[in-house]
Amino acid sequence: MDLSFYAQLLLNGIVIGVIYALVAMGLSLIFGVLEIVNFAHGEFYMLASMLAYFLTAHWSFDYWTTIVVVTAVGLAVGYVLFEGLLLALRGEAFERSILLTMGLSMVLQNGAVFLFTTTPRMIETPLSYQNVQLGEVRLPVARLYALILGVAAFAALYLILHHTRLGKAMRGVAQNRAAAMMVGIDTRVVSRLAVAIGIGLSGLAGAALAPIYSVHPLMGFAFVFKAFAIIIIGGLGNVSGAAIAAVMLGVIESFAGGLLPLAMTDAVAFIAMIAVLLLRPQGLFGRGVRV
Amino acid sequence: MSRRGLLLAVIAGLVALFAVPLLTDNDYVLALGISFAAMSVLAGGLNLVWGYTGLLSFAQVGFFGIGAYAAVLLVVDLGWSLWAAVAAGAALSVAVALLVGYSSLRLSRHAFAIVSLSFALLCAIVARDWPDLTRGSMGIPGLPPPTLTLPGLRWRIVDPADFYYLLMGFAVIAHGLIYVVVTSRLGRAMRAIKLNEPLAQSQGVNPLSYRLLALSLSAALSGVVGGLFVFYLTIIDPSIFDFYYTETMLISVVIGGPGSFWGVLASSAVMAALPDLLRFTTDLRMVLYGVALIAAMLVFPGGIGGWLYRRRLARWRRPQSQLQPQPPQPKAAP
């Protein structure tokens with residue numbers, strides 16, 4: 001239990017936290033703009049991983065092409081999801097949106113189980129066995145790339161939200177939909193973009209994680225559970241808060257995994273969520289700037 | 001239906017239900033009945049929480065499973081009697097329900113939905129990853145047939161018919177309790193909260209306490225059903241927290257109509273028989289349930305109960321002219 005052990009735990013935690021952030025930021029963005037909790041979010045992440053697996057294993061796409069293709073497919077799927085299903089929910093009670101996305105999640109997850117079975121699949125790429133050595137700490141290249149992609153995606157999303165007209169429109173809709181409509185913002189375009197970006201980020205996360213963990217149809221369910229905890233900890237609808245909370249959770253989980261029994265590790269996210277709700281219900285970063 | 005007619009229908013239905021084990025010893029029929037008894041209480045609990053107080057809860061399966069695990073561990077490991085073990089399991093479920101409900105309702109109903117789902121998933125994960133307590137994913141097979149002791153009576157519950165009486169008896173008590181609650185002042189306050197929370201609040205109704213009450217009652221009922229049902233299954237493993245139960249409950253309530261006592265009861269009877277009707281497509285059953293949920297949300301949000309209610313409203317609103325022909329009224333000036 002020397003220093004390099006803790007450094008390794010910290011590094012692993014940051015990498016997994018950045019991947020959590022990709023999924024949680026999309027979830028938070030969709031909630032902020034549409035007031036819809038997308039319960040099917042984890043399934044899109046799972047499908048993206050599946051797609052990445054098939055692209056790499058069967059059509060021998062290389063790493064970067066896979067990332068680009070899967071992310072693009074994710075954006076397109078988000079577009080279709082909004083136009084096909086979520087548009088029908090505008091201005092409706094939130095139960096309908098939850099049950100609709102829950103039904104979608106059931107269809108996607110069990111459909112994937114039916115088609116691909118629950119057998120975990122591993123992607124074998126040249127990257128799988130390469131490591132970067134930093135002193136005594138080792139970082140697999142696939143994880144390094146995931147880290148870089150995650151940070152880049154966060155930076156891009158931050159720039160879009162804060163420095164483009166479209167991003168400002170998105171934040172406007174998130175703050176006050178009626179007022180945004182009154183000043184001439186097309187909420188349909190903005191909402192569609194938010195969903196596309198959200199699902200696209202899930203796609204990116206799925207593709208980036210596929211070479212690190214095994215891929216199977218039930219992976220999304222366990223993952224979205226953490227993403228939910230993250231968006232509550234970070235403050236519902238707060239994208240930057242979600243990103244920070246995600247990295248924090250990744251690090252805490254990584255240390256818990258190294259030092260505590262397994263059942264405790266799983267419970268960390270839930271305990272943190274309940275603690276935040278009891279002590280600071282608006283989330284650690286709530287009430288500041290939304291989205 | 002008049003009050004008297006309803007009462008007669010209920011009594012006739014109860015007599016018919018309790019006569020089933022006398023008329024047939026067909027295990028298949030009894031199994032359907034047992035599954036109906038258990039699932040209808042779960043669906044009734046969800047209906048109480050969601051249909052009456054407007055909290056969409058995914059945590060019900062957690063209460064069910066916690067009740068089951070607590071009862072099994074207390075009976076098998078500590079040798080408690082079934083009565084005490086089931087009661088303790090229900091109490092544990094209620095305590096957990098209060099924690100989940102109180103913490104998340106401080107924020108919003110959205111937060112409640114999210115936290116309740118996380119809670120249900122966490123239960124399954126902990127049951128799997130805490131082998132010292134739960135024996136992990138292997139579970140505890142071969143549960144002994146439980147014995148119920150009352151003064152002057154020792155009832156060893158072995159046959160399906162015994163379980164049928166046990167679970168159906170509890171289901172009748174549970175639905176009776178739910179019915180009493182939803183038709184009382186409590187039920188009216190709950191409905192008021194669901195329809196318009198700020199208005200209910202302005203009339204002095206505290207939404208949090210009514211919601212926690214509904215949640216605790218449903219947790220207690222689900223916990224008891226879990227504790228009884230698991231001895232019928234004779235095995236407990238993390239699949240007691242399976243999402244399948246949640247989906248069956250949700251569909252029962254959605255199709256029956258949230259907030260409709262009889263609608264949910266009827267649809268849970270259908271849902272108890274449905275898995276066997278869909279046997280030809282076991283693998284795709286969950287996909288079909290998902291499609292049913294999406295379709296219901298898009299085109300049929302109120303369920304059967306909501307549809308009947310709208311029809312009744314429409315009948316009340318039907319213009320008098322259809323009953324007694326009247327000359328058309330001149331339009332009032334704007």
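What the table below lists for this structure:
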{"item": "Only one of A:252, A:231 that is at the interface with another protein chain (Cβ under 9 Å from one of its Cβ atoms), in a helix (DSSP H, G or I) and modelled with pLDDT of 80 or more", "result": "A:231"}
{"item": "3 or more residues over 30 Å from residue A:280 (Cα atoms): qualifying helices (runs of 4 or more DSSP H) within the stretch B:103-188", "result": "B:131-134, B:160-182"}
{"item": "Test: residue in the stretch A:257-273 that is at pLDDT 85 or above, within 28 Å of residue B:109 (Cα to Cα), crowded, with 24+ Cβ neighbours inside 10 Å and under 21 Å from the mean Cα position of the chain (by Cα)", "result": "no"}
{"item": "Positions within the stretch B:192-250 being touching a Ser or Thr at 6+ places or on another chain (Cβ under 8 Å) and of a type in the set (D, E, K, R), in sequence order", "result": "B:194, B:211, B:237"}
{"item": "Which listed residue, of B:113, B:59, B:87, is within 21 Å of the chain's Cα centre (by Cα), over 26 Å from residue A:36 (Cβ atoms) and either among the aliphatic types (A, V, I, L, M) or facing another protein chain (nearest Cβ under 10 Å) (or both)", "result": "B:87"}
{"item": "Options A:166, A:115, A:108; residue that is of a type outside the set (D, E, K, R), within 14 Å of another protein chain (Cβ to nearest Cβ) and more than 20 Å from residue A:205 (Cα to Cα)", "result": "A:115"}
{"item": "Cross-chain or 6+ apart pairs with Cβ under 7 Å, the stretch B:143-157 first and on the phi < 0 side of the Ramachandran plot, then among the small types (Gly, Ala, Ser) and surrounded by 11 or more Cβ atoms within 10 Å (Cβ to Cβ)", "result": "B:149/B:81"}
{"item": "Count - residues of the stretch B:54-66 that are more than 24 Å from residue B:237 (Cβ to Cβ) and in contact with a Phe, Trp or Tyr (Cβ under 6 Å, 6 or more places away or on another chain)", "result": "2"}
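Results for (1) hydroxyl-bearing (Ser, Thr, Tyr); (2) over 15 Å from residue B:40 (Cβ atoms); (3) touching a residue at least 60 places away in the same chain (Cβ under 8 Å); (4) surrounded by fewer than 17 Cβ atoms within 10 Å (Cβ to Cβ), shown as yes or no for each residue.
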{"site": "B:185", "(1), (2), (3), (4)": "no, yes, no, yes"}
{"site": "B:209", "(1), (2), (3), (4)": "yes, yes, no, yes"}
{"site": "B:227", "(1), (2), (3), (4)": "no, yes, yes, no"}
{"site": "B:235", "(1), (2), (3), (4)": "no, yes, yes, yes"}
{"site": "B:242", "(1), (2), (3), (4)": "no, yes, yes, yes"}
{"site": "B:259", "(1), (2), (3), (4)": "no, yes, yes, no"}
{"site": "B:263", "(1), (2), (3), (4)": "no, no, no, no"}
{"site": "B:267", "(1), (2), (3), (4)": "yes, no, yes, no"}
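Every residue, every condition in (1) over 29 Å from residue A:120 (Cβ atoms); (2) within 14 Å of chain B (Cβ to nearest Cβ); (3) surrounded by fewer than 24 Cβ atoms within 10 Å (Cβ to Cβ); (4) more than 17 Å from the chain's Cα centre (by Cα), yes or no:
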| residue | (1), (2), (3), (4) |
| --- | --- |
| A:18 | no, no, no, no |
| A:21 | no, no, no, no |
| A:41 | no, yes, no, no |
| A:58 | no, no, yes, yes |
| A:62 | no, no, yes, yes |
| A:68 | no, no, yes, no |
| A:72 | no, no, yes, no |
| A:75 | no, no, yes, no |
| A:78 | no, no, no, no |
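The values are calculated or read from the model by the stated rules, or taken from the named source; none is laboratory data. The structure displayed is predicted, hence computed values, not measured ones. Heads up, the Cβs are rebuilt from the backbone with ideal geometry, glycines too, and the neighbour counts pull from every protein chain shown.
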